[in-house]
Each structure stands twice: as structure tokens, then as C-alpha cells.
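Enquirer: Below are the C-alpha cells for one structure; questions will follow.
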Amino acid sequence: MLPAKPHLKTAESEKISHLDYFNIAVSVDCVIFGYDEQELKVLLIKSDLKEFEGMYSLLGDLVKPDEDLDSASYRVLKARTGMDDLYLEQVHAFGGVDRHPSGRVITIAYYSLIDLKHHRLQLSHNDLHWHIVKDIRKLAFDHKLVLDTCLNRLQDQVMDHPLVFSLLPEKFSLRELQQLYEAILGVELDRRNFRKKISIKDWLIDLGEMETDVPHRPGKLYKLKPEFRLNGNPLPRSVKSL
């Protein structure tokens, strides 16, 4: 006797029997890091929810029923900043039950790095501007946790992957590079040890040029080797790393 075929349920019956499970929203939140005046900064916007009146939040929105996560993140970036040419890396999912006052919303966090001197905001509505990361104490929703998680990811990557060069102009000195690393890591670095570690990485090209118009002794200028760039941006470790 042949064994009985297993009873298979349809997708529709699965949905009907688990209606609450199919009524959970998904959003994306973009942590856009910038660097200016030797400070690591993040792009924030005033929340438009009454429950968070006067508070700032990350750039984010609900994912539409007909779009994927990456498309949603770039849509948010374009709509809120006017920029659409930034690299975004998927970092982590946040699913706290009470993280959104409107209902159950699971968010996927992305982060990006941009050179503020070459990427000017094209929009300024709803008090959209840059904030110094180390000065931020509280944000709407659970966005402080999202920000901290993305910052930790960045800090874990900086010495092993050349992503941070997105925050610098094409030509830079080792002094400027060390100042950037110190802003990201939140610590002072020994000059000699830092330069030794960077030298071992073999990421840089000595341009044979010197700084000009600086208040200190001019240093040599460098740039990132072309093989560590992808479409003009420093190579990422991964596009998705949840």
C-alpha cells in the first residue's frame, strides 16, 4: 500500500489562519554618516509624529508592498536628500514589539558614508541637517539603538576595509586620515602605530605632492589605490550582512 500523500495547505489558507502574522509592517532606516570639522556626523530629520514631537529621527519609511528592501532604502535616500548615488550597506534588523506607536513594525537598518564637501543636501525640509554623533543622547523610536548599532559596525570595519575613504576628498594627508579614524573610533591614536598599520594595508598611493595653505608643517598627500574602489566608491565588505 502506498503511503498517504501529506495534506498540503494553500497560501491563501495559511494567510487566513495566521492573519495577524501578515499584518506586520516592514520599514527601512538609513544611517547616513558624514565627516566635517574633524567630527563624525549623522543626517537626522525632525519626526512628523505627534508622539515624538520635537524629536529627531533617522531617515526612514515603510517598505511599499511592491518594492524590495534595497529599492526602498534608495527611495528614502532620494526623497529625503535628493541624492541617489550613495553606497548603502544593510546592517541589522530591529523588531522590538513596541518600537513604533502605530503598530508592529520591523525595520532594516542601512548605513552609508559620504564626503560632505562633495555631497550637498538638495532638500532642507522638516529641519533636515547634520548632527555630531557623539553629542546625540536620544532619538525618536529606537533610532538611538539603530544609530549605535551602525556606528559599532563601522568601528568594527575601519581598520580592515577601506570604506572610510568615502568621507575624505580624493587627496588627503596621513594627519587628516588619522583625525578621521579618531573621530570614528572616539579615541586618540598613537601617530607612529597608526601610520605603521596603514602602511601594512598597502591601500595608498603617495602622490609626490605636499599640502598647501595649512597652519602646520605640510604633509605628503595620498589617495586610495584604484583597485580598492568600485564605481568611484571604496569597496564594501559586503552589500548585505544581516
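Enquirer: I need the full set of residues from the range 191-216 which are at pLDDT below 85 and loosely packed, with under 12 Cβ neighbours inside 10 Å, in order please.
Expert: Those that are at pLDDT below 85 and loosely packed, with under 12 Cβ neighbours inside 10 Å: ASP213, PRO215, HIS216.
Enquirer: Can you tell me which residue within the range 126-150, out of those that are under 13 Å from the mean Cα position of the chain (by Cα) and touching a residue at least 24 places away in the same chain (Cβ under 8 Å), is surrounded by the fewest Cβ atoms within 10 Å (Cβ to Cβ)?
Expert: Restricting to residues being under 13 Å from the mean Cα position of the chain (by Cα) and touching a residue at least 24 places away in the same chain (Cβ under 8 Å), the top hit is THR149.
Yes/no per residue for (1) closer than 20 Å to VAL42 by Cβ; (2) touching a helix residue (DSSP H, G or I) at 6+ places or on another chain (Cβ under 7 Å):
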| position | (1), (2) |
| --- | --- |
| ALA140 | yes, yes |
| LEU154 | yes, yes |
| PRO162 | no, yes |
| LEU167 | yes, yes |
| GLN179 | yes, no |
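Enquirer: For the structure I just gave you, tell me whether VAL164 is under 17 Å from the mean Cα position of the chain (by Cα), outside the structural domain of ILE200 (by TED's automatic domain parsing) and at pLDDT 95 or above.
Expert: The answer is no for VAL164.
Enquirer: So, in the range 1-39, how many residues would count as being assigned to a strand (DSSP E or B) and either over 30 Å from SER166 (Cβ atoms) or at pLDDT below 75 (or both)?
Expert: Within the range 1-39, residues that are assigned to a strand (DSSP E or B) and either over 30 Å from SER166 (Cβ atoms) or at pLDDT below 75 (or both) number 1.
Enquirer: When you scan the range 106-123, how many residues do you find that are surrounded by fewer than 19 Cβ atoms within 10 Å (Cβ to Cβ) and either in contact (Cβ under 8 Å) with a residue 24 or more places away in the chain or in the same structural domain as LYS196 (by TED's automatic domain parsing) (or both)?
Expert: Total meeting the criteria: 9.
Enquirer: Okay, next question. Quick check on this structure: which one of ASN126, ASN152 is at pLDDT 95 or above and either among the polar types (S, T, N, Q) or not assigned by TED's automatic domain parsing to the domain that holds ASP202 (or both)?
Expert: So the residue among ASN126, ASN152 that is at pLDDT 95 or above and either among the polar types (S, T, N, Q) or not assigned by TED's automatic domain parsing to the domain that holds ASP202 (or both) is ASN152.
Enquirer: May I pose another question? For the range 107-123, give me each residue that is modelled with pLDDT of 85 or more and either assigned to a loop (DSSP other than H, G, I, E, B) or farther than 16 Å from LEU86 by Cα (or both).
Expert: THR107, ILE108
Enquirer: Still on this model: May I ask you to verify whether LEU177 is in the same structural domain as HIS100 (by TED's automatic domain parsing), in contact (Cβ under 8 Å) with a residue 24 or more places away in the chain and buried (at least 17 other Cβ atoms within 10 Å of the Cβ)?
Expert: no
Enquirer: Out of the residues in the range 217-229 meeting the condition of being surrounded by 11 or more Cβ atoms within 10 Å (Cβ to Cβ) and under 24 Å from the mean Cα position of the chain (by Cα), tell me which one is modelled with the lowest pLDDT.
Expert: Per the criteria, the residue is ARG229.
Enquirer: Could I ask something else about it? Could you list, in sequence order, all residues of the range 63-90 that are surrounded by 16 or more Cβ atoms within 10 Å (Cβ to Cβ) and touching a helix residue (DSSP H, G or I) at 6+ places or on another chain (Cβ under 9 Å)?
Expert: The answer is VAL63, ARG80, MET83, LEU86, TYR87, LEU88, GLU89, GLN90.
Enquirer: Please go through the range 140-189 and pick out each residue that is part of a helix (DSSP H, G or I), closer than 27 Å to GLU209 by Cα and among the hydroxyl-bearing types (Ser, Thr, Tyr).
Expert: Matches in the range 140-189: SER166, TYR181.
The values are calculated or read from the model by the stated rules, or taken from the named source; none is laboratory data. On a predicted model such as this, the values are computed, not experimentally measured, just so you know. All Cβ positions, glycine included, derive from the backbone under ideal geometry; neighbour counts span all protein chains shown.
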